[in-house]
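To keep things clear, I will list the structure first and then write my remarks on it.
Read the figures in this text as sums done on the coordinates, not as results from a lab. Since the structure is predicted, the reported quantities are computational estimates derived from the model, not experimental observations. Cβ: placed from backbone, ideal geometry, glycine included. Neighbour counts: every protein chain shown.
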Amino acid sequence: MISLSNRLNAMEESATLAMARLSRTLRAEGKDIISLSLGEPDFHTPQFIKDEAIRAIEQNYTTYTPVAGYDELREKIAHKLLRDNGLTYSKDQIVVSTGAKQAIANAVLSLVNPGDEVIIPAPYWVSYIEIVKLAGGIPVIIEASVEQDYKITGQQFEEAISSKTKMFIFSSPCNPTGSVYTKEELFSLAQVLEKHPNIAALSDEIYEHINFAGGHHSLAEFPSIFEQVITVNGASKAWAMTGWRLGYLASSKTIADACNKIQGQFTSGTNSITQRAAMVAMDANPQILQDMVNQFEKRRDLVLGYLQKIPGIKVNKPTGAFYLFPDVSAYFGTSYQNYTIANGNDLCMYLLQEANIALVDGNGFGAPKCIRISYATSEEQLSIAMERLTEALSKLGQ
Ligand code: PMP
Ligand code: GLU
């Protein structure tokens with residue numbers, strides 16, 4: 001019998017991907033499941049990006065690329081970071097990866113030694129914690145409640161720091177809460193980091209353009225901590241390119257070189273055709289995304305409208321990404337027929353089986369009182385799903 005590694009056994013399966021898999025299986029069995037589980041835009045990749053990919057194949061961009069990505073792509077990313085974020089990076093400070101997920105893994109594996117502490121505000125995106133554990137790091141969680149719009153304060157951050165703290169990881173706009181840190185809120189985190197120059201901060205900005213409040217701010221904007229910050233972004237969300245697998249990080253040259261070295265042993269450069277296509281996405285004016293962002297905002301209002309009418313649900317008003325993350329703990333301890341709801345997982349299973357809607361339990365996001373609703377689907381589907389949710393919860397009572 002071949003045993004699996006301790007490393008693997010200690011790892012949780014991605015809760016988002018697990019629910020997406022389960023809902024695909026049920027759909028294949030003929031069930032009318034509305035999946036609000038996976039965080040991916042339901043829009044198609046814009047035509048000008050697809051055209052560039054076709055051109056890349058025809059022009060034989062089909063061989064290995066430099067590990068960190070084509071020079072021309074990294075120059076365009078540097079230009080994008082200056083144009084949209086006011087950040088000055090040279091191409092040597094940028095590493096292109098197979099999705100933002102790999103960029104995060106590269107950074108964590110490059111920096112974290114076994115026993116090092118990594119501070120992560122909860123609710124957090126599911127993969128941060130597992131990547132940290134894979135590196136032997138110890139996640140240190142700061143809880144941010146719905147009452148504080150799921151955002152931590154500088155003071156909470158400071159209190160979580162110890163002599164073992166190596167890294168801080170967060171996202172804004174945030175998956176799973178949709179919360180967006182203002183410039184002032186980021187500044188309060190920056191002031192703490194400034195006092196601890198040996199702590200690296202990974203700022204995951206993959207939802208940068210999906211922002212209804214306007215004005216995305218990057219943590220690296222504050223010059224005194226610029227060298228400490230690793231800015232992560234990619235093409236998946238803004239350009240509806242989740243399947244193409246293109247993410248990147250920008251950091252000090254030392255960290256970028258380290259990530260390049262790790263990636264050179266794991267996967268090499270990401271797909272050559274994807275990289276060529278991403279060049280035109282990086283050059284495009286983000287203003288053309290406004291239509292998509294407006295649609296997401298309308299959908300947020302629609303789903304929020306339903307949630308606010310359901311008794312017992314507590315929810316914030318997110319200003320970015322495409323998720324709502326209600327606190328549903330008022331329903332724990334309820335039952336209906338042979339269903340007993342002790343936690344978020346029971347509730348998601350009940351909603352899947354009784355109401356045919358797939359949502360993700362908050363446990364994997366470090367917030368067991370909550371469930372995540374991804375509203376990246378049509379208004380029509382969302383209305384049906386929310387009617388089903390309302391009815392299923394009313395059967396449970398409280
Ligand atoms: N960070 C966050 C916060 C995400 O939600 C996702 C979702 N995919 C990623 C990173 C990874 O993105 P990618 O598809 O580019 O790997
Ligand atoms: N990031 C998306 C989500 O949170 C995609 C799934 C994943 O990569 O975990 O649903």
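Computed about the Cα centre, the dipole magnitude for the stretch 241-398 is approximately 360 debye when only Lys and Arg (+1) and Asp and Glu (-1) carry charge, each at its Cβ.
About its Cα centre, the dipole of the chain is roughly 480 debye, where the only charges are +1 on Lys and Arg Cβ and -1 on Asp and Glu Cβ. Anything over 25 Å Cα to Cα? Flag those among Lys31/Lys395; Lys50/Lys317; Lys183/Lys309; Lys31/Lys101; Lys101/Lys314, in the order listed. Pairs exceeding 25 Å: Lys50/Lys317; Lys183/Lys309; Lys31/Lys101; Lys101/Lys314. For Lys80, a cut-off of 17 angstrom between C-alpha atoms picks up these aspartates and glutamates, skipping any fewer than 8 places away in its own chain: Asp71, Glu72, Asp92, Asp204, Glu205, Glu208, Glu221, Asp283.
Loop-located GluC sites (Glu not before Pro) in the stretch 351-398 (DSSP state other than H, G, I, E, B) with a sparse environment of at most 13 neighbouring Cβ atoms within 10 Å are absent.
Decide, for the stretch 34-167, between rounded, prolate and oblate: order the square roots of the alpha carbon gyration tensor eigenvalues as a ≥ b ≥ c, take rounded if a/c falls under 1.5, and otherwise choose prolate if a/b is larger than b/c, else oblate. It comes out prolate by the Cα gyration axes.
Scaling the Cα radius of gyration of the stretch 325-365 by the globular reference 2.2 N^0.38 Å produces a ratio of 1.07. Taking the C-alpha atoms only, the angle from helix 344-355 to the longest principal axis of the chain is near 70 degrees.
Using just its DSSP H runs of length 4 or more, each adding -39500 (n - 2.57), the chain gives a mean residue ellipticity at 222 nm of -13000 deg cm²/dmol after division by all residues. Hey, which lysines would be in cross-link range of Lys253, C-alpha to C-alpha under 16 Å, not counting anything within fewer than 8 residues on its own chain? Straight-distance partners of Lys253: Lys91, Lys261. Share of pairwise Cα-Cα distances greater than 28 Å in the chain is 47 percent (whole percent).
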